[in-house]
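Since the structure comes first, as structure tokens, the remarks are kept for the end.
The values are calculated or read from the model by the stated rules, or taken from the named source; none is laboratory data. Keep in mind that what you see is a predicted model, and the values were worked out from it rather than measured. Only protein heavy atoms, including side chains, enter the accessible area calculation; ligands, DNA and RNA are left aside. Shrake-Rupley method; radii C 1.70, N 1.55, O 1.52, S 1.80 Å.
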Amino acid sequence: MKKHNHYSLDALDEWIQDCLNSDAEPEEIYDAIVTAIDDNIRYHESCVRASKRLMMLVKRTNRRQSDNESNVVQLKTNKN
């Protein structure tokens, strides 16, 4: 077994060896790999959606604060 630069790849190599030496069918191994990749994609897409929603909220809040600050400055100058 070749040693890789990342421990995760060494673990993957061992897991594949374990799967191949088990009674799992090649199609089952393939399906497990594809499912793991799909799950990872869905997880990261969910993180992107949540980050975008948060960014919208932050930008909206910043605009409101900026508008409020402008109004305060305008009120102060109008009083003089």
Give the ranking of ASP10, ASP39 by solvent-accessible surface, highest area first, calculated with a 1.4 Å probe. ASP39, ASP10
Area accessible to solvent at HIS6, 1.4 Å probe radius, in Å²: 110
Test of understanding: what is the full-extension gain from ALA50 to GLU14, defined as 0.36 nm times their sequence separation minus their Cα-Cα distance? 9.5 nm
Please turn the phi angles of the stretch 48-59 into ³J(HN,Hα) values with the Karplus equation 6.51 cos²θ - 1.76 cosθ + 1.60 (θ = phi - 60°), one per residue in order, whole Hz, x for glycine and proline. 5, 4, 5, 5, 5, 4, 5, 4, 4, 5, 5, 5
Can you work out the Karplus-derived ³J(HN,Hα) for every residue in the stretch 38-43? Use 6.51 cos²θ - 1.76 cosθ + 1.60 with θ = phi - 60°, whole Hz, and x for glycine or proline. 4, 4, 5, 4, 4, 4
For VAL58, what accessible area in Å² do you get when you roll a 1.4 Å probe over the heavy atoms of the protein chains, rounding to the nearest 10? 70
